[in-house]
Every structure is written in structure tokens, then in C-alpha cells.
1. Compute the separation of the alpha-carbon centres of segment 262-284 and segment 194-215 and state it in Å as a whole number.
2. Return one number: the angle in degrees, 0 to 90 and rounded to the nearest 10, between the long axis of the Cα atoms of helix 221-231 and the longest principal axis of the Cα atoms of the chain.
3. Taking the Cα centroid of segment 140-175 and of segment 61-124, what is the distance between the two, rounded to the nearest whole Å?
4. How large is log10 of I(q)/I(0) for segment 134-217 at q = 0.10, 0.12, 0.17, 0.23 Å⁻¹ when the intensity is taken from the Debye formula with one equal scatterer per alpha-carbon?
5. Against the longest principal axis of the chain, how steep is helix 85-104, in degrees 0 to 90 to the nearest 10, with axes from Cα atoms?
6. As a check on your grasp of the helix formula, calculate [θ] at 222 nm for the chain: sum -39500 (n - 2.57) over DSSP H runs of n ≥ 4, divide by the residue count, round to the nearest 500.
7. Rank-order 361-372, 150-161, 35-46 by packing density, defined as the average count of other C-beta atoms within 10 Å over each peptide's residues, highest first.
8. Pop the C-beta distance of residue 113 and residue 265 into the FRET formula with R0 = 22 Å and round what comes out to the nearest 0.05.
């Protein structure tokens, strides 16, 4: 299907892989990703030393680890972006089944690190959160199923993907991790919508999500406490949201100055979930607007390129990946600004976190594959080839 959509690419035997990759990749998106990572390292120098001191580490212990995992993530991103859509589909499906198995085995072999949610595997030198790796490969699997369902005599891909989505959401709810479950549902809904879903089905999905939310609120004290805190008119001064909103308010337009912020000494998650509060306090709203602009540039350029894509699989998978990236960034910043209920979610490429960085690198690498410049041919030729 991929070869049929893109036509035959004329490649001279003397062409090198890297020059050909460089000439077809979305270099603006690539530059935005590197800029976000550079900002993350800059903010790591400000946010992580207090945590390192509390844990009896060297002051820049977490910065060094972030640089290591971030460098690995960027390397993986570049390597993945050199693949073909067909290779991404094949390896993505293999990775999907591996990630499903890893998530399913968490109750047996996983650990909660005293946080009340079994989401990680302890590797000794680091931890692994399989749900982070599940998201991009789930999108590839779902896009493959829905694209295949559009073929003549194709499989019931939409039904299969819906069944798989419900199963994944069930596994994540058992941890419990309602935030990741919501992202999985969102990704499936976006791909289903782009694939031409009836509005009635989407309305039923939204209603089902609402019912799940009501169930989670009534059965989970942790979930209920976060919702009640968000709906409350007052924000507790000694809560994470209270510290974050105070930091944003104190920073103003230009910030208090490098190293002058105080929120990093009181927020336990200043280097991860609330990194944007550190950015707002020390560098002001100017840096926050720069970060938002970088994410918007990635999203808009990706959507623009995907709109021209003839291959249904590449279009569906790319749309799901960029939507997931944009939503995760929006949720992270929305929580810090008290626009959304508190939810432990990192800011892509900016927050500290090995699993998050590497998984996001894989996801963006896949996105860069689907947005690479390739011969599309005339739409009439494409439709004719599908009817043969």
C-alpha cells in the first residue's frame, strides 16, 4: 500500500543515505525538537539541583542523566526517521505486542516506588515505564488496522482497534493510570475521526469516556481528590498547584532571573511535571511563549504535510502521533496554569524522565518518517491504481 501511494522513487546508485534523508526530512520540525531539548537542559540546571541535594547526589546529577537519556532519545529519533513507512509499520506492530505484554505483566513484576501506582519496572540503574512506549506503537497498530479496513475485502480493522483500545484502557486503569488511558482513547478517537468515523460513534465514545470518568471519581480517592482540588475556588498554598501558580505569577513577563526562582525548592516535581512553572518564574512568560510556539510549529507543519499525504496509513499514523504530542504538551502546561486537573504528565523533550524522553524520540522519529517529502503522484493515478 505504501509503495502504491508514493509511486516509484528514482534513486541513483551514487546517492548516499544521509544526504537523501536530509533533503526530504522536515528540517524545521527537527530544529524545533532540538530547541525544546536545549531548553529542557537549561531548565534542568535550574530545577534539578535542589532535588539532587535532597537525595544526596551531586548538584547536576539529574542534568547529566537528562543529557544522557535526551541524547539517546534524539539519536533514536534520527535513526527511526531514516526508515520507510513500511518499515515503521512492521516494527511498530512488533513493538506494539511487546509493549502490551510489558504493561500486562506490571502487576506481577512491576513496582510503584511508593507512589501507589504500579507503573514501572525497576532496572537497578534506571526505571522503565512501558506505557510511555505503548502509546506510539499503539498509534501505528491502530492506523494500520483502520487503513487496512478501507481496502476491498479488508479486515474489520475499526472493530479490532476498538477492542484493543478497551483492553489497553483496562490494563492502564488497573495501575491506576487514568491520564495515559485518556491519551490512548484520545489517540484512537483522532485516528478514527480522520479515517471517516460516523459522528454517532464518536458521540458514543465521548459518552463512554464520561461514564468512565464518573466511575473513576466514585471509586478512586486519588482521582476524586485531584478533581475536587481543581474545582475548588481556592488553591492550597502548600500544594503543588499552589506553588506552581505562585511561581507563574511571580515570574511575570521577563522572570526573576537565572537561579533566582524559589519554586524549585518547594515543588517535588519541579524538574518533571511542573517544569513549566520553573520556566515561568525564572525566565518569565517570554520563554513560556517560545515553548508554546515551538510545539505549535511542530503541530502545524506536520498537519500541513500530512494533508498532502496519499497513503492512508501514513496519514492516519502521522495525525495520531502529532495529536498525541500536542495534547500531552497542552495537558502539562494546562495543569501548571490550573486550566486542567492535576495529572502526572511530562512536557515532551523538556521534562526530566528517561522513559518519556526515549519514547517521545521514537514517536517523533516515526512522525518525521510520515512527513518526509516523497513523490505522491497524481490523485487520479492513485485512485486508478487502487481500483485495479
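Quick note: the coordinates plus some simple rules give every number you see, no bench work behind them. Given the structure is predicted, the values throughout are model-derived calculations rather than measurements. Cβ: placed from backbone, ideal geometry, glycine included. Neighbour counts: every protein chain shown.
1. Here the two parts' Cα centres lie 35 Å apart.
2. Roughly 80 degrees between the two axes.
3. Centre-to-centre distance over Cα atoms comes out at 21 Å.
4. -0.24, -0.34, -0.67, -1.15
5. Taking Cα atoms only, the helix is inclined about 50 degrees.
6. My calculation for the chain gives -22500 deg cm²/dmol from helical runs alone.
7. On the way: 361-372: 26.6, 150-161: 13.7, 35-46: 20.0.
Averaged packing, sorted descending, gives the order 361-372, 35-46, 150-161.
8. Step by step, r from the Cβ atoms, then E = 0.50.
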